[in-house]
Amino acid sequence: MNDRVTRLRWVIVPGCLFFLADAAPAQQPPDAGSAQASSVDAPWFAVVDDATAWTHLPPATAGQGERLPVWARVLAPSLPATTAGLLELDRVQRQDSTLDPLTRAEIRWIAARAHGCRYSLAEAEADYVRAGGRAEELTQPGNAERQRLREFVRRMCVAAYDVSDEEVEQLLQDRGPQDLTAIVLVVAYANFQDRLLSSLHVTQESDGPLLPSRAQFAWKKPPAAQPAGDKPPQAAGEAANKPERQIPAPPPDADAVPTHVADEGWKSVPLADLRQRLTGQQTRAARIPIPPPEVLRQQMPKEHYQPGRSERILWNSVAYGYQPQLTAAWFSAMRQFREESGLPDELRQSAFWVVTRSNLCFY
Amino acid sequence: MLLAVAGLDRLQVSRRVETLASGDWSAFAPRERVLLMFARKLSQAPASIAAEDVQQMVRHWGEQRTLDWIYHISWCNFMTRVADAFQIPLESENVFLPPEKPAAAEPRDPDAKTGG
């Protein structure tokens, strides 16, 4: 077993399902009808090869035909434009961050460890070493400032609701608003990516983590930003260009699906308390200065900007105001996904509610 | 806010939230319950997602739609982290709806008398 695996073994989270193995060739999707789960080492979705994946992706202006990470080879057939957006996002996150590469890789590693995601652990370690660090440094606590940062990252992953104003204020003093926003966006991206990877159950590429993709895509002109007075697409029911998805008929045992949330934690906070928190959040001071609207207008890509609407969303002002490139890449992928997936609005937002409730987030 | 953007009126939003918060999801179709429970589990403990969880999703939604939902739930966890980190104040109006159009001016009646 190689040295890379030896270094990683001791950080394995108990119960973690992953094993370092060769990336699987094209696999059958999980067999919904079988009683046995598929092999513990196999991805849970079909993985196509690079050539096949590239037939699905949009035309590339750079990097056409290059090797793709295994997660892209899972997503490309059903979410091609989204996958392309994610490849670009991943590069911006890993290579074009305003954070120094060692800090960025360390943050990503801490988050991957908190999530128990071996794929991301290996990739972050590789990025760290490539940036000039030594792998063993990742497990060392470092000075007080570094410890604060590491603990913040860890808790943002496992209990974000519990992070205090004082902690963030200290980080703001340590790093400034631009870097703090970049840190938060790396952590947020890790929370997105590790959940995606965990659910795909992908294993590391056979020769180790890949470099960030160099692929750049010839995007068609994005849907025109909705004028302020018009109904935004998400309020109009299902997307006009909803792609065909083959939804199976309910399985024979559909009625056996539990009707109630089993864990006691779900009702641990009464709805009245949740509503009170929402009301309180309206008058709360943000932990970071919110850039004025004119900054947003300058920083936000024109194709994303909606006059009279974009400025009203404070989330936009913070993210675009301090980290326009990271934020633009995130939203570009999101827009591709929204158009490609055509998820039903009501259920989509209900799922969002469940996520916010599960995370005890006010949003 | 986003439930309103999905087309629910104020009363419907309130009822939907009450239903979700109650934990009694019997009003949802079986595949919807599978989704919502998967969303909870993936949000709380991503490493605990097992093959059986994904298989259940695929049985009810098919493979492509399951991938869509996985992406969406993961996306939601991005958004909540940014909101939690910065504790961005909630806007008092629903900012995801378009702003109200200014009331159109009454057309002038050319026959109206202007004074006594």
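With a 1.4 Å probe, how much accessible area is buried between chains A and B, both sides summed, in Å² to the nearest hundred? Provide the component values of the computation, followed by the final result.
Values: alone 20500 and 9900 Å², together 21160 Å².
Approximately 9200 Å² gets buried when A meets B.
A:Ala60's amide H: which non-local residues (gap 5+, or another chain) put their own amide H closer than 5 Å, with H modeled 1.01 Å from N in plane and none for Pro or chain starts?
A:Ala218
Are there residues in the range A:340-354 whose accessible area shrinks by at least 50 Å² when all protein chains are included rather than the chain by itself, and which are they (probe 1.4 Å, ligands and nucleic acids not counted)?
Residues meeting the cut-off: A:Leu343, A:Glu346, A:Leu347, A:Gln349, A:Ser350, A:Ala351, A:Phe352, A:Trp353, A:Val354.
State in Å² the accessible area per residue of the range A:131-201; use a 1.4 Å probe, count heavy atoms of protein chains only, and round to the nearest integer. The partial results should precede the final answer.
Working: 2610 Å² over 71 residues.
Result: 37 Å² of accessible area for each residue.
How much of A:Ile313 can a 1.4 Å solvent probe reach, expressed as accessible area in Å² and rounded to 10?
Accessible area, nearest 10 Å²: 20 Å².
So what is the accessible area of the range A:321-361 per residue, in Å², with the probe set to 1.4 Å? Working shown, then result.
Details: 960 Å² over 41 residues.
Heavy-atom accessible area per residue stands at 23 Å².
So what J values fall out for the range A:126-143 if you push phi through Karplus, 6.51 cos²θ - 1.76 cosθ + 1.60 with θ = phi - 60°, rounded to Hz, Gly and Pro as x?
4, 5, 5, 5, 4, 7, x, x, 9, 3, 5, 5, 5, 9, 9, x, x, 6
The values are calculated or read from the model by the stated rules, or taken from the named source; none is laboratory data. Just so it is clear, the model here is predicted, and its values are computed rather than measured. Note: areas computed on protein heavy atoms with side chains; ligands, DNA, RNA excluded. Shrake-Rupley method; radii C 1.70, N 1.55, O 1.52, S 1.80 Å.
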